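A.B. asks: Mind having a look at this structure? Questions to follow.
The values are calculated or read from the model by the stated rules, or taken from the named source; none is laboratory data. Bear in mind that the values here come from a model prediction, so they are computed numbers and not experimental data. As a convention, Cβ positions derive from the backbone with ideal geometry for all residues, glycine included, and neighbour counts pool all protein chains shown.
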Amino acid sequence: MMSSFILSCIFAIFVIPILKRFANQSLSIYLRDTHKKKEHTPTMGGIIFVIPTIIVMLMLLMFNKIHMSYSLLIMIVVFLGYFMIGFIDDMLIVVKHNNKGLSEGAKLLMQLVIAIIFFYLFMLADNEPLLWIHSLGIKMYIGWFYGLFILLVLVASSNAVNLTDGLDGLAGGLSFIAILTFGIISYNTAWLEGYEELGLMCFALLGSLLSFLVFNVNPARIFMGDTGSLALGAFLGSIAILTRHELLLVLIGIVFVIETLTCVIQRFYYKLTHKRIFPMTPIHHTFEKMGWNEVKIVRFFWLIGLVASMIALMYGVWL
C-alpha cells in the first residue's frame with residue numbers, strides 16, 4: 001500500500017501538469033452555474049491510480065513476491081478493460097471540447113463485451129452458477145440466469161461509480177471505503193485460489209487511490225473522469241463476484257446504489273409524466289439544490305458508506 005501510494009504521488013506530480021494542458025473538464029450545461037469554478041480542472045485522473053496499481057502488481061510478480069493466480073488475471077483483465085473504455089470516452093470529450101464522449105449505446109456495448117469476457121474466464125475455472133447466502137450455508141443454483149446476473153453486477157457497478165463521480169472526492173472516497181472492505185473480505189476467503197493476491201491488489205489500489213484523493217478532495221486539482229470511475233466500479237463488481245459476495249456489494253456500495261436508483265427513477269418518471277421527482281440527479285446534486293455545501297455533502301455520503309461497510313464487516317455473513 002505504501003509503495004503504491006508513493007509511486008502514485010510521484011506519478012501525479014508529472015501527470016497533472018500534462019493533463020492541465022489539454023484535458024480540461026467540460027461541464028454539463030446543467031452544472032455551469034454551481035460548478036463554474038471547476039470548468040478548467042483537468043480530467044482523466046484515473047490514470048494516477050490505475051497505472052501505478054498495475055505497475056506495483058507487476059513488480060511484485062517480477063520479484064516473485066506473488067504469483068499470477070487465475071483470479072488475479074481475471075481481475076487485471078477487467079480492471080484494464082474498463083479503464084480503456086473510460087480513457088477512450090474521456091479522450092473523445094477532450095477532443096470534441098464538450099461533455100459528449102462515447103454514446104450511451106457504444107459505451108454499454110463495450111462494457112458488455114468486457115463483462116462477457118469476464119464471465120467466460122470465470123466459468124472456465126469450473127465455477128458453478130451459484131448465488132451464495134453465506135450465513136445460512138445456502139448455495140442457490142440459478143443456471144443460465146447467473147450469466148445475466150454477472151453482466152448486471154459488472155455493468156451496474158461500473159456505471160454506479162461513474163454516476164457518483166460528481167463532487168470533489170465523493171466517488172474516490174466511497175470507492176476507498178468499499179475497496180478496503182473487500183480487501184478485508186478477500187483475506188477471509190481462503191477457499192478461493194489466489195485470494196491473497198486479490199487482497200494485495202485491493203491494498204495496492206488503496207494506496208494509489210489515497211494518493212489520488214490528495215489531489216481530488218475539495219478543491220479538486222484533478223478529476224478521475226470515466227478513466228477512473230469505470231475502472232473502480234468494475235473492480236468492485238469483479239471482487240464481489242470472485243469472492244462470491246455479490247449481494248453484499250449492495251450494502252457496501254449503498255451510496256452508489258442510491259445514486260443510480262435516483263437517476264433511473266427520475267428518467268422513467270420524466271418519460272411518463274414530463275415532470276421530475278428530484279430537482280436534479282444523481283441525488284448529490286439535489287442536496288446542492290437544497291443549499292448544502294459540497295464538502296458537507298461529501299462527508300455525509302462518506303459517513304453513510306463507512307457505516308454500511310462496518311455493518312457489512314460485522315454482519316456480512318448474513319449475505
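Residues are listed down the side, and each one gets a yes or a no for (1) farther than 23 Å from TYR120 by Cα; (2) out of contact with any Pro (no Cβ under 8 Å at 6 or more places or on another chain); (3) surrounded by fewer than 20 Cβ atoms within 10 Å (Cβ to Cβ):
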site	(1), (2), (3)
LEU148	no, yes, yes
GLY169	yes, yes, no
GLY173	yes, yes, no
ILE177	yes, yes, no
GLU193	no, yes, yes
LEU198	no, yes, no
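A.B. asks: List every residue pair whose Cβ atoms lie under 6 Å apart, where the two residues are 6 or more positions apart in sequence or sit on different chains, the first residue falls within the stretch 198-217 and is closer than 19 Å to ILE16 by Cβ, and the second residue, located anywhere, is outside any helix (DSSP H, G or I) and of a type in the set (Lys, Arg).
C.D. replies: PHE215/ARG221
A.B. asks: List every residue pair whose Cβ atoms sit under 6 Å apart, with the two residues 6 or more apart in sequence or on different chains, where the first one lies in the stretch 267-288 and is closer than 16 Å to VAL255 by Cα and the second, anywhere, is among the acidic types (Asp, Glu).
C.D. replies: PRO282/GLU259; ILE283/GLU259
A.B. asks: Please determine, by comparing only the residues of the stretch 261-296 that are buried (at least 17 other Cβ atoms within 10 Å of the Cβ) and charged (D, E, K, R), which one is nearest to LEU170 (Cα to Cα).
C.D. replies: Here the residue is GLU294.
A.B. asks: Inspect the stretch 297-313 for any residue being surrounded by fewer than 24 Cβ atoms within 10 Å (Cβ to Cβ), modelled with pLDDT under 90 and more than 13 Å from the chain's Cα centre (by Cα) and give the result as yes or no.
C.D. replies: Yes; the residues of the stretch 297-313 include at least one that is surrounded by fewer than 24 Cβ atoms within 10 Å (Cβ to Cβ), modelled with pLDDT under 90 and more than 13 Å from the chain's Cα centre (by Cα).
A.B. asks: Pull up the stretch 60-82, narrow it to residues that are within 30 Å of ALA220 (Cα to Cα) and either over 15 Å from the mean Cα position of the chain (by Cα) or of a type in the set (Val, Ile, Thr) (or both), then point me to the one that is surrounded by the most Cβ atoms within 10 Å (Cβ to Cβ).
C.D. replies: The qualifying residue surrounded by the most Cβ atoms within 10 Å (Cβ to Cβ) is VAL78.
A.B. asks: May I ask you to list the residues in the stretch 92-112 that are in contact (Cβ under 8 Å) with a residue 40 or more places away in the chain, closer than 19 Å to PHE22 by Cβ and crowded, with 17+ Cβ neighbours inside 10 Å?
C.D. replies: ILE93, VAL94, GLY101 - these are the residues of the stretch 92-112 that are in contact (Cβ under 8 Å) with a residue 40 or more places away in the chain, closer than 19 Å to PHE22 by Cβ and crowded, with 17+ Cβ neighbours inside 10 Å.
A.B. asks: Would it be correct to say that THR181 is polar (S, T, N, Q) and either over 20 Å from ILE74 (Cβ atoms) or part of a helix (DSSP H, G or I) (or both)?
C.D. replies: Against the criterion (polar (S, T, N, Q) and either over 20 Å from ILE74 (Cβ atoms) or part of a helix (DSSP H, G or I) (or both)), THR181 qualifies.
A.B. asks: Here is a further query. Please indicate, with yes or no, whether at least one residue in the stretch 125-141 is at pLDDT below 95, of a type in the set (D, E, K, R) and at positive phi.
C.D. replies: Yes; the residues of the stretch 125-141 include at least one that is at pLDDT below 95, of a type in the set (D, E, K, R) and at positive phi.
A.B. asks: Shifting gears a bit: Being over 19 Å from VAL50 (Cα atoms) and polar (S, T, N, Q), is that true of even one residue in the stretch 187-203?
C.D. replies: Among the residues of the stretch 187-203, at least one is over 19 Å from VAL50 (Cα atoms) and polar (S, T, N, Q), which makes the answer yes.
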